[in-house]
Amino acid sequence: MNKKPQDSELEETLEDALEENTASENADDSPTETTTNELEEKKQELGELKDKYLRLQAEFDNFRKRSMKEKLEFMVTAAQDTMTVLLPVLDDFDRAKKNAEDENSAEPFSEGVMLVYDKLHKNLAQKGLKAMESTGEEFDPELHEAITEIPAPNEEMKGKVMDTVEKGYFLKDKIIRHAKVVVGK
């Protein structure tokens, strides 16, 4: 561990205290009575205090990092709740857009509504919301929720997602809603 200015200050303070203690003991006793054992005991005590200090400092650093991580996770969780509430609105927007793009539709998607649609998707994407691509992909129970199975039109579509009934979404690489899909068998 790198020594910090506080470490050297602590060492100086401990060494000063050791010298004062040794000086006061030597004032009462003759200098010849000071043994190397006492000096070794004091050095050992100094080493133990340094070790305790370093451990305490490391423990505090770990606490600070853990607290920061928990705070970030809390912020993501708060965003997840908000995003989850907005997902049905996104589904309705997607259905309305798909219906308006149909050639036989009597209701066109107005330019203003299209701007709102694009802005909503863009802003949510900036916050980390990402739609899950599932149609044509291999069925994965970690990502998809199978609603039903239908016969596959060919061999290569067996075990793959034939249709997506409800989109799944990720929020910063964490699944907040599984895709509801139809699987080929």
Practice problem: With 21 Å as the limit, write out which pairs from K98/K119; K98/K172; K98/K160; K65/K130 have Cα-Cα distances beyond it, or answer none. | Solution: K98/K172; K98/K160; K65/K130
Self-check item: Top of T84, T35, T135 by mean-square fluctuation, Gaussian network on the chain, Cα under 10 Å
Solution: T35
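Going from the alpha-carbon gyration tensor of the stretch 129-185, what semi-axes, largest first and in whole Å, does one get by taking the root of 5 times each eigenvalue?
On the way: eigenvalues 94, 18, 13 Å².
Those come to 22, 9, 8 Å.
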Practice problem: Please list the non-local residues whose amide H lies under 5 Å from the amide H of K185, H modeled 1.01 Å from N, same-chain partners needing a gap of 5 or more. | Solution: I150, A152, G159
Quiz item: Leaving out same-chain residues fewer than 8 places away, which aspartates and glutamates sit with a Cα under 14 Å from that of K127?
Solution: D81, D173
Quiz item: What nm value, rounded to one decimal, do you get for the distance between E142 and E101 when each label is placed 7 Å out toward the C-beta?
Solution: 3.0
Exercise. Would you kindly calculate the translational diffusion coefficient of the stretch 51-100, applying Stokes-Einstein with the Kirkwood radius from alpha carbon pairs, for 20 °C and a viscosity of 1.002 mPa s, and quote it in µm² s⁻¹ without decimals?
Key: 151
Quiz prompt | Choice from L120, L39, L56 with maximal GNM fluctuation in the chain (Cα, 10 Å cutoff) | solution = L39
Practice problem: Calculate, for S8 and L72, the FRET efficiency according to 1/(1 + (r/R0)^6) with r their C-beta to C-beta distance and R0 35 Å; round to the nearest 0.05. | Solution: 0.55
Self-check item: Within the chain, longest stretch clear of exposed GluC sites (Glu not before Pro) (DSSP loop, no more than 14 other Cβ within 10 Å)
Solution: 1-102
Quiz item: Among L129, L49, L72, which one moves the most in a GNM of the chain with springs linking Cα atoms closer than 10 Å?
Solution: L49
Self-check item: Helix axis angle, 5-28 relative to the chain longest principal axis, alpha carbon, degrees
Solution: 20
Quiz item: For K158, which lysines qualify as cross-link partners when the Cα separation must be under 22 Å and same-chain residues fewer than eight apart are set aside?
Solution: K167, K180, K185
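Taken together, the values in this text are just the output of simple stated rules run on the coordinates, not laboratory data. It should be emphasised that the depicted structure is a prediction, and the values quoted were computed from it without experimental measurement. All Cβ positions, even for glycine, are placed from backbone atoms using ideal geometry, and neighbour counts span all protein chains on display.
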